[in-house]
Amino acid sequence: MSWTIFPNSTETFFALISGAIFGFLIRKATLSRFNTMVSQLLLKDFTVLKVLLSAVLTAGIGLYLQGKIAIKPTLNISSMPILLTAFGGSLFGIGLAITGYTPGTMVAAIAEGSKDAITGFFGMIVGTFIFNGMYPFFSQLMMAQDIGYKKTMYQYFETSELILLVVLCLALFAIAKSSRRKTR
Amino acid sequence: MLNFLKKDRLCPYFIGVLMGLFLLVLLNFDRHLGTCCGINKITALISYFFAPEFTTQSSYLNKQLSDHLIFNWKFLLLVGLFIGAKIGCIISKDAPKFTQTIWTEKFGKSARKRHLSVFFGAIILILGARIAGGCAAGHGLSGVSQQSMTSVVFMIFIAITGVPSAFILYHFKKRS
């Protein structure tokens with residue numbers, strides 16, 4: 001195999017800067033910490049949901065407004081069958097509770113100096129090898145095009161684009177209000 | 001401004017909005033925000049380095065190398081993520097020294113216990129991410145902002161298993 005090390009310089013620069021911004025924001029929101037993630041799962045500290053919902057709403061409303069001005073980018077919707085996604089999500093939740101990291105925050109945690117995140121990183125590499133071994137079994141299942149195939153919520157439920165955004169907005173308000181009540 | 005950035009923890013809503021805007025820019029440039037794809041690449045490269053024949057014969061790992069690129073967008077994103085988090089650490093003052101008190105209160109300070117648990121937990125984590133075709137950044141941020149059905153289902157199921165698992169693992173105090 002002949003290899004190229006880097007793509008063109010614009011792509012390299014863009015990728016590094018994007019990653020750096022993302023990593024910086026993760027660190028500044030303290031999402032790279034075990035306590036923050038697990039406190040969210042224990043429903044004590046809602047930092048993770050505050051960041052996630054704010055980000056999703058900003059981007060979601062932005063996409064909606066772009067759609068109105070007719071310059072919407074092409075969406076990149078997953079083609080994975082719903083049952084597999086549900087099963088994967090269940091495993092992910094268990095892994096998240098045990099480690100306190102997601103794959104991205106694990107890298108940020110390594111930067112922060114958490115030694116267990118380094119072990120976790122090796123664990124993820126081993127896990128990918130295991131998945132590689134299981135791939136012949138899963139590849140057929142992944143090809144199935146079920147009800148959720150490349151569908152957005154509003155396409156499937158045939159509703160307005162705004163419904164999910166309104167629901168998430170209400171959730172964010174509820175979290176913000178209950179947090180303010182606690183600190184008073 | 002610099003004093004504001006030096007704080008250990010910034011307002012989560014503010015960070016979220018910045019992340020959302022940044023995500024919007026990436027989506028408009030048709031770029032992916034996903035972290036486990038970088039790990040695929042790293043695994044495939046390591047595998048190819050030590051066992052090239054095995055790698056080319058494994059359909060999944062071989063697919064990761066099909067672009068013949070060592071540092072692709074996803075790998076570089078991870079490198080950038082590390083650098084960005086490092087910069088965030090360097091400029092932060094008053095960062096707490098130890099941030100795993102929930103673990104140590106329940107399971108003690110044994111490093112071996114922690115490392116073993118993280119190792120196996122990470123295997124479960126990445127298997128879940130691969131089977132679902134994405135992870136928290138890919139599905140959770142990109143997917144839900146685009147209102148993808150699979151991404152919303154993914155996040156719901158993380159909560160369905162994650163919250164009870166955390167309660168079982170950490171909520172009940174250690175019986176002394």
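Just so you know, all these numbers are worked out from the coordinates, no wet-lab data involved. Just so it is clear, the model here is predicted, and its values are computed rather than measured. Glycine gets a Cβ as well: all are built from the backbone with ideal geometry, and neighbour counts include every protein chain shown.
Observations on the structure shown:
- Dividing the mean sequence gap of close Cα pairs (under 8 Å, 6+ apart) by how many residues segment B:65-176 holds gives a relative contact order of 25 percent.
- Segment A:105-172 and segment B:1-66 have Cα centres spaced 12 Å apart.
- Pairs spanning more than 28 Å between alpha-carbon atoms, out of A:Lys72/A:Lys150; A:Lys150/B:Lys74; A:Lys68/B:Lys6; A:Lys44/B:Lys106: A:Lys68/B:Lys6.
- Taking all Cα pairs closer than 8 Å and separated by 6 or more residues, the relative contact order of segment A:1-153 comes to 30 percent.
- Whole-Å distance, taken between Cα centres, linking segment A:1-37 and segment B:76-128: 17 Å
- For segment B:1-76: relative contact order, % (alpha-carbon pairs under 8 angstrom, 6 or more apart): 29 percent
- Potential extension, A:Ile71-A:Glu158 segment - 0.36 nm per residue separation minus Cα distance: 29.1 nm
- Checking every one of the GluC sites (Glu not before Pro) in segment A:78-184 against DSSP loop status and a limit of 10 other Cβ atoms within 10 Å picks out A:Glu158.
- Neighbour counts of other Cβ atoms within 10 Å put B:Phe49, A:Phe138 in the fewest-to-most order B:Phe49, A:Phe138.
- For B:His115, B:His139, order by how many other beta-carbon atoms lie within 10 Å, fewest first: B:His115, B:His139
- Partner chain coverage, peptide A:42-53 - average Cβ within 10 angstrom: 5
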